[in-house]
1. Six or more apart or on different chains, Cβ atoms under 6 Å: show the pairs whose first residue is in region 92-106 and in contact (Cβ under 8 Å) with a residue 24 or more places away in the chain and assigned to a helix (DSSP H, G or I) and whose second is among the small types (Gly, Ala, Ser) and crowded, with 17+ Cβ neighbours inside 10 Å.
2. Does Tyr181 count as open to solvent by 10 Å² or more (accessible area, probe 1.4 Å), closer than 17 Å to Leu97 by Cα, touching a helix residue (DSSP H, G or I) at 6+ places or on another chain (Cβ under 9 Å) and aromatic (Phe, Trp, Tyr)?
3. Which members of region 76-93 meet the condition of being of a type in the set (Phe, Trp, Tyr) and open to solvent by 30 Å² or more (accessible area, probe 1.4 Å)?
4. What's the number of the only condition in (1) more than 21 Å from Ser88 (Cα to Cα); (2) touching a residue at least 60 places away in the same chain (Cβ under 8 Å) that Glu175 fails to meet?
5. Given region 129-220, what helices (runs of 4 or more DSSP H) lie entirely inside it while holding 1 or more residues that are out of contact with any Phe, Trp or Tyr (no Cβ under 6 Å at 6 or more places or on another chain) and closer than 20 Å to Lys111 by Cα?
6. Quick one: what pairs do we get from region 140-168, first residue touching a residue at least 12 places away in the same chain (Cβ under 8 Å) and over 19 Å from Ser91 (Cβ atoms), second of a type in the set (A, V, I, L, M) and open to solvent by less than 10 Å² (accessible area, probe 1.4 Å), C-beta under 8 Å, 6+ apart or different chains?
7. Glu116: on the phi < 0 side of the Ramachandran plot, touching a residue at least 24 places away in the same chain (Cβ under 8 Å) and touching a helix residue (DSSP H, G or I) at 6+ places or on another chain (Cβ under 6 Å), yes or no?
8. Within region 94-106, how many residues are of a type in the set (A, V, I, L, M) and open to solvent by 10 Å² or more (accessible area, probe 1.4 Å)?
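The values are calculated or read from the model by the stated rules, or taken from the named source; none is laboratory data. None of the values given here were measured: they were computed from a predicted structure. Neighbour counts are summed over all protein chains in view; Cβ atoms, including those assigned to glycine, are modelled from backbone coordinates with ideal geometry. Please note that ligands, DNA and RNA were not included when accessible areas were found on the heavy atoms of the full protein model with its side chains. Shrake-Rupley method; radii C 1.70, N 1.55, O 1.52, S 1.80 Å.
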Amino acid sequence: MAPRFPSFLNTIQRNYRQKTKERTGSSSATTRRNTVMEDDDAFEDAVSDSEGTPLSAIADAFEELSRLLKSRGPNFDLDLKPFCDACSLVSVLFGSLGIAFKFAEMEYVSKVQDLEDASEDYGTLNNILDYDVEMDTVKSAGSLSRNLRRVRQGLDLIRALFQNFLSIDECSLKEAAQTAYTKVCAPYHTWAIRTAVSAGMCALPTREQLLERLNETEESAEREMRRYINASHPVIEYIDKLYISRNISLDW
């Protein structure tokens, strides 16, 4: 079993503060947009400067997103680039789950990539929703607003899986995954997809195999999973509020 890995949050926060200081110290008159862009660059550099396991990298990234949201207040307009940078790290978790979540992995990865490709044109999460509301394409197949909704579900699926994984000692990965999928994704998937996922559950790795693939021990995995659970909640909540503020239901 792999050795226990330390948390690299302090390193990321230190890098983030230093890089933000370097970018903002030379000018006292910057526009709001430039300030946000500087935050995004510092976020990316701070995360890239960290080291550790896949789980610790994911936890680090979402703690940075959570910190940004909390420090900037409820009306903060989150840029797509740092959001996509953090979300792209989560794809390794879907890959570690095997064939049962292959469809979720493919859908998630493609949706994150679409959002990242659109980041230069649209800039922020608010902008893509405003555009689709104006064009009446929020729920249309392939729209960025629909893609964002699906990425949000992917983040919530991993959060629910982690919660189930940690809720009971010796809980099998199959039990944790089935419960998470049934609650988060199954209501929005077709019968064919639900059937395929159910059949694939038998091919999930064991609890021990997953920890080995992620280079974690029981203790280190619990620490990093709890960090992601706590940090992803305000991010998921932020996304939901973007839809609710525009009178868009969340049941799709």
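1. Note: pairs meeting the criteria are Phe94/Ala104; Ile99/Gly200; Ala100/Gly200.
2. Values: open to solvent by 10 Å² or more (accessible area, probe 1.4 Å): yes; closer than 17 Å to Leu97 by Cα: yes; touching a helix residue (DSSP H, G or I) at 6+ places or on another chain (Cβ under 9 Å): yes; aromatic (Phe, Trp, Tyr): yes.
Spelling it out, Tyr181 is indeed open to solvent by 10 Å² or more (accessible area, probe 1.4 Å), closer than 17 Å to Leu97 by Cα, touching a helix residue (DSSP H, G or I) at 6+ places or on another chain (Cβ under 9 Å) and aromatic (Phe, Trp, Tyr).
3. Filtering region 76-93 for residues of a type in the set (Phe, Trp, Tyr) gives 76, 83.
None; the set is empty.
4. Checking Glu175 against (1) more than 21 Å from Ser88 (Cα to Cα); (2) touching a residue at least 60 places away in the same chain (Cβ under 8 Å), the one that fails is (2).
5. Numbers: elements: 144-167, 173-184, 191-200, 207-213.
Per the criteria, 144-167, 173-184, 191-200.
6. Ser145/Ile128; Ser145/Leu129; Gln163/Ala180; Asn164/Ala176; Asn164/Ala177; Asn164/Ala180; Leu166/Met225
7. Numbers: on the phi < 0 side of the Ramachandran plot: yes; touching a residue at least 24 places away in the same chain (Cβ under 8 Å): yes; touching a helix residue (DSSP H, G or I) at 6+ places or on another chain (Cβ under 6 Å): yes.
Yes; evaluated as a whole, the condition is true for this residue.
8. Initial filter on region 94-106 (of a type in the set (A, V, I, L, M)): 97, 99-100, 104, 106.
If we keep only those that are open to solvent by 10 Å² or more (accessible area, probe 1.4 Å) as well, we get 99, 104, 106.
Number satisfying all stated conditions: 3.
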